[in-house]
Every structure is written in structure tokens, then in C-alpha cells.
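Below is one structure, written out as C-alpha cells, with a few remarks after it.
The values are calculated or read from the model by the stated rules, or taken from the named source; none is laboratory data. This structure is a prediction, so every number in the text was calculated from the model and none was measured. Ideal geometry is used to build each Cβ from the backbone, glycine not excepted, and the neighbour counts take in all protein chains shown. Heavy atoms of the whole protein, side chains included, go into the accessibility calculation; ligands, DNA and RNA do not. Shrake-Rupley method; radii C 1.70, N 1.55, O 1.52, S 1.80 Å.
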Amino acid sequence: MIKDPHKIILRPVITEKTTQLKAQSGVICFEVARSANKIEIKRAIEQLFKTKVAEVRTQAKAGKVRRVGRNVGRRRDWKKAYVRLRQGEKPIEYFEAA
């Protein structure tokens, strides 16, 4: 069953660490569906951004416990994928500086 790439790749993760990774080694970080595997992530990136992927590394993140007053809640669990493009591929631009 072929899944919709927009349901696999949810959003880019933009932090200081991921910005440095993109500048130094061309690795881009995305939040992905928790059920997605590396092969599905690779196919979705290649379809959405018309580029070739060399490597995908995934990391499952546990949701943090948060409290507001005496109410205790929990953020949802999520998954992120570090994607490295093949040598010579153009970098993915996921947002434009205004």
C-alpha cells in the first residue's frame, strides 16, 4: 500500500542543532509519522522534494510530562528523521527568509 507522502512527512524540525547540521553536513531533520519506517520516509522525501536520499536515521521521542497548576498532562510521543541527501543533490529549502 502506497501512503501519501504528506501524511508521512509532517513538518521540518527547525532548531539550532538542525540548522547547524544542515549547514555543516547537509542533513535535514523532519518530524515524521510514528508508524513510518525508513524506506517510506526515503520515498516520501524523494517524491515531495524531487531529490535523491542517501541515508535516513530515525529517532523516537517520548512526550514530556507537563503541568499547569495542579493538573498534570503529557505531550504526545513523536518521531523525527535525519535525512542526508546524495552527494551533488541540491539542498532542500523548506522555508524562505523574509
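Observations
- In the context of the full set of protein chains, the chain has a per residue accessible area of 74 Å² (1.4 Å probe).
- Selection from W78, L10, Y94 lying farthest towards where the dipole of the chain points positive, charges on Cβ: W78
- Kirkwood Rh, Cα atoms: Rg over Rh of the chain: 1.04
- Cβ charges +1 (Lys, Arg) and -1 (Asp, Glu), total dipole of the stretch 2-98, debye: 640
- For the chain, the longest site-free run once trypsin sites (Lys or Arg not before Pro) in DSSP loop states with at most 13 other Cβ atoms within 10 Å are removed: 4-33
- Full-stretch length increase - R67, K50 - with 0.36 nm per residue and alpha-carbon distance subtracted: 1.9 nm
- Choice from L21, L48, L85 showing the highest fluctuation, given a GNM over the chain with Cα pairs closer than 10 Å: L48
- Helix 38-49 and the long axis of the chain differ in direction by around 70°, with both axes built from C-alpha atoms.
- Carbon + sulfur, % of accessible area of the chain - ligands and nucleic acids excluded, 1.4 Å: 50
- Magnitude of the charge dipole, the stretch 48-98, Cβ model with Lys/Arg +1 and Asp/Glu -1, debye to 20: 500
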